Amino acid sequence: MGTYGMTPCHRDLPARWHPAERPYRQPGRRGTAASAWLTSGLLRRVGLIRTLGVPLAVTGWLGHHERDGGERWIIDPTFAEGHGAAGHRRLMALLAAPGWGLPVTPWDNHCNCHLPPEYSDQCTTIAAGAAGRRGALEVHTIHRSGRRLRWIQQHRPTIYAAQQQLALPMPAWVDGWLERGGSPASTVPGGVTMAGSSGHGW
């Protein structure tokens, strides 16, 4: 972080909230309790991000409040050597699948996978909470390739080698199952438990 001129908030104020953090830590923030199902469920399914390819980083933050009073969480899973549009469609299908996913329904998608390499490396999908679930999830899948990926491989070879070991190869039947509609998830062949699933629905 120091290389890029950034200073962690806790460095100078280790025992109390930094002024930049304070607005986000006030008790009783509107929408927090209403969207607790999303924050809790998403953390328990973070392992699904490994299905995109080699996981490089995952960042996330709280966006604006939705009209229904819930919160919008935005995550940026950054990966390499992935599967393009098929990869991020698969991730969203798994995140929204009944049985191991979350009660969300993808409703908007902007894919840049058809553009020339390095023109744009981000595809965005937005999913809204199912009936009675306030809040929304916005996923920015960021695919590092070309010179950006080469820089990572050359300057952080040990870390990249470890990250390669974390990629979760998906059985061929998974994509076929998703192409057929991916429902119902409770009848997944072979009784396979997906990464990040608690085994107890959402």
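The values are calculated or read from the model by the stated rules, or taken from the named source; none is laboratory data. What you are looking at is a predicted structure, and each value in this text was computed from that prediction instead of being measured. Note that each Cβ is placed from the backbone with ideal geometry, even for glycine, and that neighbours are counted across all protein chains shown. The accessibility values were calculated without ligands, DNA or RNA, using every heavy atom of the protein model including side chains. Shrake-Rupley method; radii C 1.70, N 1.55, O 1.52, S 1.80 Å.
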Every residue from the range 134-167 that is of a type in the set (A, V, I, L, M, F, W, C) and open to solvent by less than 50 Å² (accessible area, probe 1.4 Å): 136, 137, 139, 142, 149, 152, 161, 167
Helices (runs of 4 or more DSSP H) completely within the range 1-111 that count 3 or more residues being open to solvent by 50 Å² or more (accessible area, probe 1.4 Å), free of Cβ contacts under 8 Å to residues at least 24 places away in the same chain and more than 19 Å from residue 125 (Cβ to Cβ): 9-12
Qualifying residue in the range 66-79 (condition: of a type in the set (Val, Ile, Thr) and in contact with a Gly (Cβ under 9 Å, 6 or more places away or on another chain)): yes
Scan of the range 113-123 for residues that are at pLDDT 90 or above and buried (at least 16 other Cβ atoms within 10 Å of the Cβ), ordered by number: 123
Helices (runs of 4 or more DSSP H) wholly inside the range 124-202 containing at least 3 residues that are over 27 Å from residue 107 (Cβ atoms) and at pLDDT 75 or above: 146-155, 157-166
